[in-house]
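Below you'll find the structure, written out as structure tokens, and then a few comments.
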């Protein structure tokens, strides 16, 4: 998404927020590539960021939707948007999908590196969104 389009969407969203949803329009950035975007100080409250790529975006002082997090310092860039989608590296899936993947499906994503990281990713999801189910193969691998 180019910066002019993004600016227009953010301006309409600002009007929507300040008018108590009477005018303007809610920012629909679902699946948008916002990699490296300048979102410094942007009011993204109630914006739809599900599946958006926020890798490298400047979110300093941005007002993000509930249950939206950018997690740094891991082997992969991780973002959680609207409590529904989790991006780890270039993989973007719903929380439910992440919790159900088979060992083979995870290996296809990035080989042994992904297999090794997957339990950590599930722990991160549990921490930010609440504990959930883990695939049996992860539990069984941890017991060996």
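The values are calculated or read from the model by the stated rules, or taken from the named source; none is laboratory data. Since the model is a prediction, treat every value here as computed from it, not as a measurement. As a convention, Cβ positions derive from the backbone with ideal geometry for all residues, glycine included, and neighbour counts pool all protein chains shown.
For this structure, a couple of remarks:
- For the stretch 55-76, filtered to residues that are assigned to a loop (DSSP other than H, G, I, E, B) and touching a strand residue (DSSP E or B) at 6+ places or on another chain (Cβ under 7 Å), the residue that is surrounded by the fewest Cβ atoms within 10 Å (Cβ to Cβ) is 67.
- Sole residue being touching a helix residue (DSSP H, G or I) at 6+ places or on another chain (Cβ under 7 Å), surrounded by 19 or more Cβ atoms within 10 Å (Cβ to Cβ) and farther than 30 Å from residue 11 by Cβ, chosen from 134, 98: 98
- Check on residue 60, under 16 Å from residue 10 (Cα atoms) and not assigned by TED's automatic domain parsing to the domain that holds residue 125: yes
- Lone qualifier among 21, 13 - being assigned to a helix (DSSP H, G or I) and out of contact with any helix residue (DSSP H, G or I) (no Cβ under 6 Å at 6 or more places or on another chain): 13
- Filter pass, residue 26 being without any contact (Cβ under 8 Å) to a residue 40 or more places away in the chain and either surrounded by 13 or more Cβ atoms within 10 Å (Cβ to Cβ) or in a helix (DSSP H, G or I) (or both): yes
- Residue within the stretch 33-53 that is part of a loop (DSSP other than H, G, I, E, B) and over 26 Å from residue 15 (Cα atoms) present: no
- Residue check, residue 100 within 20 Å of residue 50 (Cα to Cα), out of contact with any strand residue (DSSP E or B) (no Cβ under 9 Å at 6 or more places or on another chain) and at pLDDT 95 or above: yes
- Residues that are outside the structural domain of residue 9 (by TED's automatic domain parsing), at positive phi and at pLDDT below 95 occur at least once in the stretch 78-85.
- Residue check for residue 52: surrounded by 18 or more Cβ atoms within 10 Å (Cβ to Cβ) and touching a strand residue (DSSP E or B) at 6+ places or on another chain (Cβ under 7 Å): yes
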